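> Submitted below is the structure of interest, expressed as structure tokens.
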Amino acid sequence: MNTRTGNTNFMHQLAAFLKENGTLVALVILAVIFAFMDDAFFTPRNITNLARQTTIIGIISVGMTLVIIINGIDLSVGSIVGLAAIMVTLLMQSGMNVWLAILVTLLVAGVFIGLWNGFWIAHYNIPPFIITLGMMTIARGLALTLSNGSSVPVTDPLFPKLGGSYISPAISGIIIVAALVLFFFTLYRGIQQRKKYNITIRVQKIVASTIITAAGLGLAFWVFTDYRGIPYPVAIFTVIAAAGIFLLNNTMLGRRIYAMGGNEEAARLSGIRVYRVKLIVYSIITTLSALSGILLASRLNGASPNLGNMFELDAISAVIIGGTSFSGGVGTISGTVIGAFIIGILNNGMSLLGVPTFYQLIIKGLIIILAVWFDVLSKRKSA
Amino acid sequence: MGEVVLEMKNIVKDFPGVRALDDVNFEARAGEVLALVGENGAGKSTLMKVLSGVWPYPTYEGDIYIKGKLCRFRNTREAEAAKVAIIYQELNLIPGLTVAENIFLDRQFCSVVGIVNWGKVFSEAQSLLNQLGIKGVKPTDKVGELTVGKQQMVEIAKALSKSAEILVFDEPTSALTDKEVDALFATIRQLKEKGVCMTYISHKMDELQLIADRVAVLRDGKTIGEVTPMNEITMDEIINRMVGRDIKDMFPKMEGKRGEKVLEVAELHLKHPTIPGKKLLNKVSFAAHKGEILGISGLMGSGRSELVSSIFGAYRSGVSGEIRLHGKKLKIKRPKDAIDNGIALVTEDRKALGLVLGQSVLNNMTIGSLETVAQQWGIINKAKERNLAWDYISKLNIKTPGLDVAVDTLSGGNQQKVIVAKWLNTSPKVLFLDEPTRGIDIGAKVEIYNLLNKLVDEGVTVIMISSELPEIMGMCHRILVMCEGEIAAELDEREATKELIMEYGTGSKKKGE
């Protein structure tokens with residue numbers, strides 16, 4: 001009798017865990033499948049590459065999460081990747097200092113275009129779909145015009161290091177261990193605070209997040225100390241994702257973003273300056289896209305005006321697979337990161353297995369539909 | 001007067017916690033206009049929703065007979081098939097389509113292969129408009145480009161094209177100009193001759209005298225008295241039936257001690273967002289003081305909510321006038337400006353305007369005043385925030401399983417308290433409450449009343465809108481009665497009677513009389 005109630009209790013907990021971490025489970029299952037199908041998949045070398053490939057879309061997806069939470073969309077991100085890549089390489093070609101070129105690119109291709117998008121969307125209340133669709137064409141056109149339609153090589157010896165270098169394995173290991181310590185410290189502090197304010201502590205949730213974090217960091221430790229260390233772009237992506245998570249959970253702006261997505265009119269009547277928040281969010285996403293473009297140009301050691309084509313679709317897919325609701329107000333960046341890795345694993349794994357690109361597109365599309373279907377289904381059940 | 005066409009017998013309709021209709025009985029005849037009157041929330045619209053199948057059988061109790069036949073509509077289509085048509089306050093037309101397309105929306109004239117016979121659609125629509133004597137509307141006009149009055153005519157034509165025999169008008173004139181009202185009444189008289197049975201829901205006493213044959217009064221979901229011919233009853237008697245209930249000791253009214261003048265509003269105007277020349281607020285001036293509760297009464301659509309929303313900066317454009325707080329002139333362009341100056345507004349529509357549904361009690365409580373729980377760089381001190389929220393939960397006696405549950409899981413009264421907490425945390429000097437007790441149970445109402453008294457005691461200037469007369473009279477020390485965008489009367493608590501408020505509110509007594 002006892003064992004049976006114990007069993008059902010365990011099953012319940014497992015079901016709850018699966019429901020809350022469905023995308024993570026899907027990620028693990030995908031990884032296991034690919035690992036069995038190809039020996040080259042689960043190697044430090046391949047996983048390092050996979051992580052680095054994922055960061056380009058991942059960085060954009062962090063911004064896309066914010067945009068979709070406020071009920072918006074940004075279709076111009078892919079074109080901005082191309083524009084930023086062309087811009088930064090051209091600026092360096094003209095003799096500008098690397099860091100200055102990066103800064104100017106971030107300001108012009110990123111912040112300025114974001115403000116432009118946000119202005120049209122917030123001031124005239126035009127659907128973001130249309131404004132950013134227009135910007136998608138404009139930015140691509142600008143990239144083609146500036147580069148005269150041809151590729152731009154990188155002349156500076158320092159620039160390629162940004163996207164192509166690694167933090168040495170030893171330092172990588174130290175960083176990862178430090179991250180684990182930091183995790184346990186915040187966990188401890190969280191529990192202390194919850195005790196202090198008499199808030200119920202959900203043991204399962206703490207255990208689950210501990211297991212997930214420990215496993216993730218353990219994997220990272222193995223991968224990055226065994227091969228060449230943490231790639232710079234991965235480090236940058238990690239910092240951006242962490243900053244995004246902090247922004248949404250711990251700042252006034254984060255609260256306002258969620259409130260606006262949930263009920264824009266109520267948010268406005270609560271004194272939130274909807275206009276300003278929209279400007280900020282749309283600037284964040286274009287700036288992150290520009291950063292992505294710079295990293296991509298650095299890794300490829302050159303820029304083509306067609307870089308970033310269709311990136312908007314991968315970024316939106318990552319956000320949706322990660323559980324952010326298309327109707328606004330709900331979503332997390334940690335979910336998006338998992339979503340980005342699911343797309344990354346699919347791309348990487350299928351390429352390893354030699355699945356033709358055409359089929360890859362079909363499979364990716366089906367998986368996106370599947371993810372949304374699952375989301376709708378689980379919401380209907382809980383309603 | 002013709003035979004009895006519609007009979008509703010012993011209708012009972014319950015909503016969670018509220019009995020909206022309690023044993024309602026009435027009957028309507030062919031070729032007459034039966035006026036259905038009552039205060040806001042008396043159950044008129046609910047009754048009509050039962051009739052039209054919006055609330056299907058068996059979500060209500062009682063019987064509906066149409067021409068002597070028992071009808072139990074399970075959806076609106078069945079009601080339509082029984083020739084019942086309702087013309088709602090919010091019109092059900094598609095603005096982008098033409099008049100003719102709207103009239104024949106659900107049955108285009110098609111050939112076998114599904115090709116629309118446009119010639120027939122337009123000519124049928126034209127002949128229908130001619131029959132009704134509707135002028136100035138062409139079948140090819142886009143509905144969205146017509147005035148509201150003409151749209152209403154289209155809606156009537158649509159109902160009659162389905163040969164409706166029972167026609168219900170739900171406050172049809174609230175958005176119409178005088179001219180349009182005349183045109184509507186001419187059409188109604190024509191329909192009367194044709195033997196259509198019409199029920200006319202309205203608050204406006206002067207209109208009833210012009211158009212109605214008999215009157216039925218609803219109060220608190222009950223029919224009061226018999227259905228009475230209009231020539232056998234006076235306006236006073238109708239108003240008496242509408243409001244005639246005693247104020248029980250539900251209202252913990254405190255003694256008003258009028259203190260200094262806090263808020264002054266002078267010559268406030270608000271333009272109608274779409275109809276040029278029409279004003280939603282016209283020359284509104286008033287003052288609110290410390291130490292008393294100011295009430296704003298008036299019928300729905302009289303401009304009460306528009307008044308407080310204008311002061312709060314909720315409109316993006318169209319507001320002009322002067323607002324002074326403690327003698328200092330304010331420039332309020334957006335809600336944030338109002339909040340920064342110490343003005344708060346508990347909005348009427350809790351779900352659409354007050355709360356972010358789906359998000360936590362905690363987030364909803366602090367969203368208006370994040371500055372109070374933030375450290376530098378806008379980082380929220382979560383411990384401080386939770387502490388603060390718990391304080392409000394115990395102070396306002398909010399019943400919630402925790403801070404992190406979605407706010408929609410709470411009862412209406414507790415949701416309202418969450419909103420009040422949100423505004424209290426902005427430390428308001430002036431607190432507007434628009435229908436603060438709508439849809440919440442009596443216990444919670446009394447708690448809110450007590451809270452308002454306490455706030456007045458603490459020096460907050462409280463201004464309350466309510467369409468419930470007992471509430472206004474039971475709580476307020478001064479009452480502004482609004483009618484058609486103007487303040488028709490300012491009544492002291494000693495002179496205010498329900499009848500007087502109703503007379504000013506319905507326009508049967510004009511300003512200064």
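The values are calculated or read from the model by the stated rules, or taken from the named source; none is laboratory data. Fair warning: this is a prediction, and the values are worked out from it, not measured in the lab. Note: ideal-geometry Cβ built from the backbone for every residue, glycine included; neighbour counts use all protein chains shown. The accessibility values were calculated without ligands, DNA or RNA, using every heavy atom of the protein model including side chains. Shrake-Rupley method; radii C 1.70, N 1.55, O 1.52, S 1.80 Å.
> What are the residues in the range A:247-263 that are within 7 Å of another protein chain (Cβ to nearest Cβ), assigned to a helix (DSSP H, G or I) and of a type outside the set (D, E, K, R), if any?
Narrowing the range A:247-263 to residues within 7 Å of another protein chain (Cβ to nearest Cβ): A:250-253, A:255, A:258-259, A:262-263.
From what is left, the residues that are assigned to a helix (DSSP H, G or I) are A:250, A:252-253, A:255, A:258-259, A:262.
Result: A:Asn250, A:Met252, A:Leu253, A:Tyr258, A:Ala259, A:Gly262.
> Let me ask something else about it. Residue under question is A:Gly244, and the condition is that it be of a type in the set (Gly, Ala, Ser), more than 20 Å from A:Pro127 (Cα to Cα) and within 7 Å of chain B (Cβ to nearest Cβ); does it hold? Full working, then the answer.
Values: of a type in the set (Gly, Ala, Ser): yes; more than 20 Å from A:Pro127 (Cα to Cα): yes; within 7 Å of chain B (Cβ to nearest Cβ): no.
Criteria not met by A:Gly244.
> Would you pick out the residues in the range A:185-225 that are outside any helix (DSSP H, G or I) and of a type in the set (Lys, Arg)? Break it down stepwise before answering.
Applying the first criterion (outside any helix (DSSP H, G or I)) to the range A:185-225 yields A:197-202.
Selection gives A:Arg202 alone.
> Does the range B:238-254 include one or more residues that are farther than 30 Å from B:Val37 by Cα, over 22 Å from the mean Cα position of the chain (by Cα) and at pLDDT below 85?
First, pick out the residues of the range B:238-254 that are farther than 30 Å from B:Val37 by Cα: B:254.
Checking the rest, the ones that are also over 22 Å from the mean Cα position of the chain (by Cα) come to B:254.
Now narrow it down to the ones that are at pLDDT below 85: B:254.
Yes, the range B:238-254 contains a residue that is farther than 30 Å from B:Val37 by Cα, over 22 Å from the mean Cα position of the chain (by Cα) and at pLDDT below 85.
> Continuing with the same structure: Any residue in the range A:168-183 that's in contact (Cβ under 8 Å) with a residue 40 or more places away in the chain: show its pairings with residues that are part of a helix (DSSP H, G or I) and open to solvent by 80 Å² or more (accessible area, probe 1.4 Å) at Cβ separation under 8 Å, as long as the two are six or more apart or on different chains.
From the range A:168-183, the pairs are A:Pro169/A:Asp226; A:Gly173/A:Phe221; A:Ile176/A:Phe221; A:Val177/A:Phe221.
> If you don't mind, there's one more thing I want to ask. Can you tell me which of A:Ala267, A:Ala214, A:Ala220 is more than 14 Å from chain B (Cβ to nearest Cβ) and surrounded by 14 or more Cβ atoms within 10 Å (Cβ to Cβ)? If you could, list the steps in order and put the result at the bottom.
Numbers: A:Ala267 fails: more than 14 Å from chain B (Cβ to nearest Cβ); A:Ala214 fails: surrounded by 14 or more Cβ atoms within 10 Å (Cβ to Cβ).
Result: A:Ala220 is the single residue among A:Ala267, A:Ala214, A:Ala220 that is more than 14 Å from chain B (Cβ to nearest Cβ) and surrounded by 14 or more Cβ atoms within 10 Å (Cβ to Cβ).
> Any idea how many residues of the range B:421-464 are within 25 Å of the chain's Cα centre (by Cα), open to solvent by 10 Å² or more (accessible area, probe 1.4 Å) and within 14 Å of chain A (Cβ to nearest Cβ)?
0
> What is the number of the single condition among (1) hydrophobic (A, V, I, L, M, F, W, C); (2) touching a strand residue (DSSP E or B) at 6+ places or on another chain (Cβ under 7 Å); (3) open to solvent by 10 Å² or more (accessible area, probe 1.4 Å) that A:Leu27 does not meet?
Answer for A:Leu27: the failing condition is (2).
> Going residue by residue through the range B:358-379, is there one that turns out to be within 13 Å of chain A (Cβ to nearest Cβ), surrounded by fewer than 23 Cβ atoms within 10 Å (Cβ to Cβ), free of Cβ contacts under 8 Å to residues at least 12 places away in the same chain and of a type in the set (Val, Ile, Thr)?
yes
For (1) open to solvent by less than 10 Å² (accessible area, probe 1.4 Å); (2) over 22 Å from B:Leu97 (Cα atoms); (3) of a type in the set (Ser, Thr, Tyr); (4) not in a helix (DSSP H, G or I), each residue gets a yes or a no:
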site	(1), (2), (3), (4)
B:Gly144	no, no, no, no
B:Gly149	yes, no, no, no
B:Val168	yes, yes, no, yes
B:Leu176	no, no, no, yes
B:Thr187	yes, yes, yes, no
B:Leu191	yes, yes, no, no
B:Tyr200	yes, yes, yes, yes
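> Follow-up. Quick one: A:Leu352 ticks every box in (1) within 30 Å of B:Arg334 (Cβ to Cβ); (2) open to solvent by 10 Å² or more (accessible area, probe 1.4 Å) except a single one, so which number is it?
Checking A:Leu352 against (1) within 30 Å of B:Arg334 (Cβ to Cβ); (2) open to solvent by 10 Å² or more (accessible area, probe 1.4 Å), the one that fails is (1).
> Shifting gears a bit: Filter the range A:116-138 for residues that are of a type in the set (S, T, N, Q) and open to solvent by 70 Å² or more (accessible area, probe 1.4 Å) and give the result. Full working, then the answer.
Going through the range A:116-138, the residues of a type in the set (S, T, N, Q) turn out to be A:117, A:125, A:132, A:137.
The answer is A:Asn125, A:Thr137.
> Another one. Is there a residue in the range A:98-115 that is assigned by TED's automatic domain parsing to the domain that holds A:Thr54, over 28 Å from A:Gly328 (Cα atoms), open to solvent by less than 60 Å² (accessible area, probe 1.4 Å) and not β-branched (Val, Ile, Thr)?
Yes, there is a match, as at least one residue in the range A:98-115 is assigned by TED's automatic domain parsing to the domain that holds A:Thr54, over 28 Å from A:Gly328 (Cα atoms), open to solvent by less than 60 Å² (accessible area, probe 1.4 Å) and not β-branched (Val, Ile, Thr).
> A further question on this structure: Restricting attention to helices (runs of 4 or more DSSP H) lying wholly within the range B:348-439, give those where 3 or more residues are closer than 26 Å to B:Ser309 by Cβ.
On the way: elements: B:361-366, B:382-395, B:412-424.
Those helices (runs of 4 or more DSSP H) span B:361-366, B:412-424.
> Among the residues in the range B:265-281, are any within 14 Å of another protein chain (Cβ to nearest Cβ), under 22 Å from the mean Cα position of the chain (by Cα) and open to solvent by 60 Å² or more (accessible area, probe 1.4 Å)?
Within the range B:265-281, the first condition is being within 14 Å of another protein chain (Cβ to nearest Cβ), and the residues that meet it are B:273.
Then keep just the ones that are under 22 Å from the mean Cα position of the chain (by Cα); that gives B:273.
Now drop any that are not open to solvent by 60 Å² or more (accessible area, probe 1.4 Å), which leaves B:273.
Checked the range B:265-281: at least one residue is within 14 Å of another protein chain (Cβ to nearest Cβ), under 22 Å from the mean Cα position of the chain (by Cα) and open to solvent by 60 Å² or more (accessible area, probe 1.4 Å).
> If you don't mind, another one. Do any helices (runs of 4 or more DSSP H) lying entirely in the range B:10-116 carry at least 2 residues that are open to solvent by less than 20 Å² (accessible area, probe 1.4 Å), and which ones are they?
On the way: elements: B:44-51, B:76-81, B:99-103.
In the range B:10-116, the matching helices (runs of 4 or more DSSP H) lie at B:44-51, B:99-103.
> Any residue in the range B:300-318 that is at positive phi and within 13 Å of chain A (Cβ to nearest Cβ) sitting within a Cβ distance under 9 Å of a residue that is in a helix (DSSP H, G or I) and open to solvent by less than 10 Å² (accessible area, probe 1.4 Å)? List the pairs, counting only those 6 or more apart or interchain.
Final answer for the pair search is B:Gly313/B:Pro335; B:Gly313/B:Ala338.
> Write out, first by first residue and then by second, each pair whose Cβ atoms fall under 9 Å of each other, whose residues are 6+ apart or on separate chains, and whose first residue, in the range A:115-141, is more than 18 Å from A:Val81 (Cβ to Cβ) and without any contact (Cβ under 8 Å) to a residue 12 or more places away in the chain while the second is in a helix (DSSP H, G or I) and small (Gly, Ala, Ser).
A:Trp120/A:Gly134
> Sticking with this structure for a sec: Looking at (1) touching a residue at least 60 places away in the same chain (Cβ under 8 Å); (2) over 18 Å from the mean Cα position of the chain (by Cα), which is the one condition that is false for B:Ser467?
(2)
> Answer with yes or no whether A:Thr287 is in contact (Cβ under 8 Å) with a residue 60 or more places away in the chain, open to solvent by 30 Å² or more (accessible area, probe 1.4 Å) and in a helix (DSSP H, G or I). Walk me through how you get there before you give the answer.
Values: in contact (Cβ under 8 Å) with a residue 60 or more places away in the chain: yes; open to solvent by 30 Å² or more (accessible area, probe 1.4 Å): yes; in a helix (DSSP H, G or I): yes.
The answer is yes for A:Thr287.
> If you don't mind, there's one more thing I want to ask. Given (1) of a type outside the set (Lys, Arg); (2) under 30 Å from A:Val32 (Cβ atoms); (3) at pLDDT 90 or above, identify the lone condition not met by A:Val207.
Every condition holds for A:Val207 apart from (3).
> Could you list, in sequence order, the residues of the range B:344-357 that are open to solvent by 50 Å² or more (accessible area, probe 1.4 Å) and facing another protein chain (nearest Cβ under 7 Å)?
First pass over the range B:344-357, keeping only residues open to solvent by 50 Å² or more (accessible area, probe 1.4 Å): B:348-349, B:351, B:353, B:357.
Across the range B:344-357, the qualifying residues are B:Leu353, B:Leu357.
> Sticking with this one: Which one is surrounded by the most Cβ atoms within 10 Å (Cβ to Cβ), of the residues in the range B:406-415 that are within 14 Å of chain A (Cβ to nearest Cβ) and under 23 Å from the mean Cα position of the chain (by Cα)?
In the first step, residues of the range B:406-415 are kept if they are within 14 Å of chain A (Cβ to nearest Cβ); the result is B:406-409, B:415.
Within this subset, residues satisfying the condition of being under 23 Å from the mean Cα position of the chain (by Cα) are B:408, B:415.
Working: B:Asp408: 14, B:Gln415: 25.
The residue in question is B:Gln415.
> Within the range B:390-405, can you find the residues that are touching a strand residue (DSSP E or B) at 6+ places or on another chain (Cβ under 7 Å) and more than 10 Å from every other protein chain (Cβ to nearest Cβ)? Before you say what the answer is, go through the steps one by one.
Going through the range B:390-405, the residues touching a strand residue (DSSP E or B) at 6+ places or on another chain (Cβ under 7 Å) turn out to be B:403-405.
Result: B:Val405, single match.
> Of the residues B:Lys283, B:Lys279, B:Lys253, B:Lys261, which is outside the structural domain of B:Glu495 (by TED's automatic domain parsing), touching a residue at least 12 places away in the same chain (Cβ under 8 Å) and touching a Cys at 6+ places or on another chain (Cβ under 9 Å)?
Sole residue among the options that is outside the structural domain of B:Glu495 (by TED's automatic domain parsing), touching a residue at least 12 places away in the same chain (Cβ under 8 Å) and touching a Cys at 6+ places or on another chain (Cβ under 9 Å): B:Lys253.
> Hey, among A:Gln53, A:Gln93, which residue is open to solvent by 30 Å² or more (accessible area, probe 1.4 Å) and under 16 Å from the mean Cα position of the chain (by Cα)?
Details: A:Gln93 fails: under 16 Å from the mean Cα position of the chain (by Cα).
Residue meeting the stated conditions: A:Gln53.
> Identify all residues within the range A:178-191 that are surrounded by 11 or more Cβ atoms within 10 Å (Cβ to Cβ), within 28 Å of A:Ala15 (Cα to Cα) and more than 10 Å from chain B (Cβ to nearest Cβ); write none if there are none.
Those that are surrounded by 11 or more Cβ atoms within 10 Å (Cβ to Cβ), within 28 Å of A:Ala15 (Cα to Cα) and more than 10 Å from chain B (Cβ to nearest Cβ): A:Leu180, A:Phe183, A:Phe184, A:Leu187, A:Ile191.
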